[in-house]
Amino acid sequence: MKSILGRSLILLAFSLFACSPDAQELLRKGKSLMEDGQFAQATDYLDRAIEQQPDWSEAYNVRAVAYFEQQKYEEAIEDFSQAIRLDSSLYKPFYNRGNAHQERGAFQQALADYSAAIRRQPNIKDIYINRGVVYFSLENYQQALEDFNFALQLEEEDPVAMLNQAKTLIAMQNWEEALTSLQRLGQLQPSDGNTQYLLGMAYLQNQQTDAACAALKKAVSLRAENAASVLEQYCQ
């Protein structure tokens, strides 16, 4: 029940200001290869772009993304750090470096980077979601909940934020509010087995057995893990 959803999302944006035409073309080619999932091949083009334009912060950020997608987190962190040294006003390298730190389990460094990204751009929902995931991993549930709640203020029906909010409330044993959150999520994505399973568990904790069994039956039909055993235990 303490697992939490958190997929690190990488932002790609390309600033071509004050860069040579060759470097711009190399970056475009690298981006195209990355969109096709060819991250190793993209790195070759990004290397050449940086050779031609060694003070281009965005090129380091993009190459770091290519490293990140290859799970080369040390190389990614080095490039994100160089992007920050070249231009510390941008939020993307801080956010992306936070994602790399999170993947490595370096949670304090991740928190510092996410917070730095928020100071530069305070209205990006994904930063709060990812920072909330880190707080959850550190069992700092109150801070995690605040981040997920704020993400939902920025986008009211974001399913990732909503699911994480519900799981955090469950971790805090606040089943009543968790049920409210899961009911909203169930309306938003009624065919998600994990949502139906958690909804069934929340109904059980709130002494609503009929509703719980209905949700668990639906979870079983959607092949949610553990749903069948809970259904058998409580609904036979």
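No lab work stands behind these numbers, since they all come straight from the coordinates. Remember, predicted model here, so these are calculated numbers, not experimental data. Backbone-built Cβ (ideal geometry, glycine too); neighbour counts: all protein chains shown.
Global dimensions of the chain from alpha-carbon coordinates: Rg and Dmax equal 21.2, 71 Å.
Stokes-Einstein, applied to the Kirkwood radius of the stretch 52-188 over Cα pairs at a viscosity of 1.002 mPa s and 20 °C, places its translational diffusion at 137 µm² s⁻¹.
Under 1.5 on a/c is rounded, so check that first for the stretch 83-148, then, if it is not, pick prolate when a/b is larger than b/c and oblate when it is not; a ≥ b ≥ c are the square roots of the alpha carbon gyration tensor eigenvalues. Oblate is the answer for the stretch 83-148, as a/c is 1.5 or above yet b/c matches or exceeds a/b. Placing pseudo-labels 7 Å out from each Cα toward the beta carbon at Asp44 and Arg119 gives an inter-label distance of 4.1 nm. Among the chymotrypsin sites (Phe, Trp or Tyr not before Pro) found in the stretch 33-120, not one is both in a DSSP coil and sparsely packed, with 15 or fewer other Cβ atoms within 10 Å of its Cβ. Once the Kirkwood radius over Cα pairs is known for the stretch 113-236, the Stokes-Einstein relation at 4 °C and 1.567 mPa s delivers a diffusion coefficient of 87 µm²/s. If we count GluC sites (Glu not before Pro) as exposed when they sit in a DSSP loop and have at most 11 other beta carbons within 10 Å, what is the longest stretch of the chain that avoids them all? Free of exposed loop sites, the longest segment is 1-138.
When the Gaussian network model of the chain links Cα atoms closer than 10 Å, the mean-square fluctuations of Gln71, Gln165, Gln102 top out at Gln71. Note on Lys125: lysines with a C-alpha under 27 Å away, same-chain residues under 8 apart excluded, are Lys2, Lys31, Lys72, Lys92, Lys167. The charge dipole of the chain, taken about its Cα centre with unit charges on the Cβ atoms of Lys, Arg (+1), Asp and Glu (-1) only, comes to about 300 debye. Under a 10 Å cutoff between Cα atoms, tell me which one of Val134, Val160, Val65 has the largest fluctuation in the Gaussian network model of the chain. The residue that fluctuates most here is Val160. How about Lys29: which aspartates and glutamates have a C-alpha closer than 13 Å to its C-alpha, ignoring those fewer than 8 places off in the same chain? Reachable aspartates and glutamates: Asp44, Asp47.
Once the trypsin sites (Lys or Arg not before Pro) in DSSP loops with at most 11 neighbouring Cβ atoms within 10 Å are cut out of the chain, the longest remaining piece is 8-222. Let me make sure I get this right: for the stretch 174-236, a, b and c are the square roots of the gyration tensor eigenvalues over alpha carbons, sorted descending. Under 1.5 in a/c it's rounded, otherwise prolate if a/b > b/c, else oblate. Which is it? Taking the square roots of the gyration eigenvalues as a ≥ b ≥ c, the stretch 174-236 is oblate.
Counting only Cβ charges, +1 for Lys and Arg and -1 for Asp and Glu, the dipole size of the stretch 174-236 around its Cα centre is about 180 debye.
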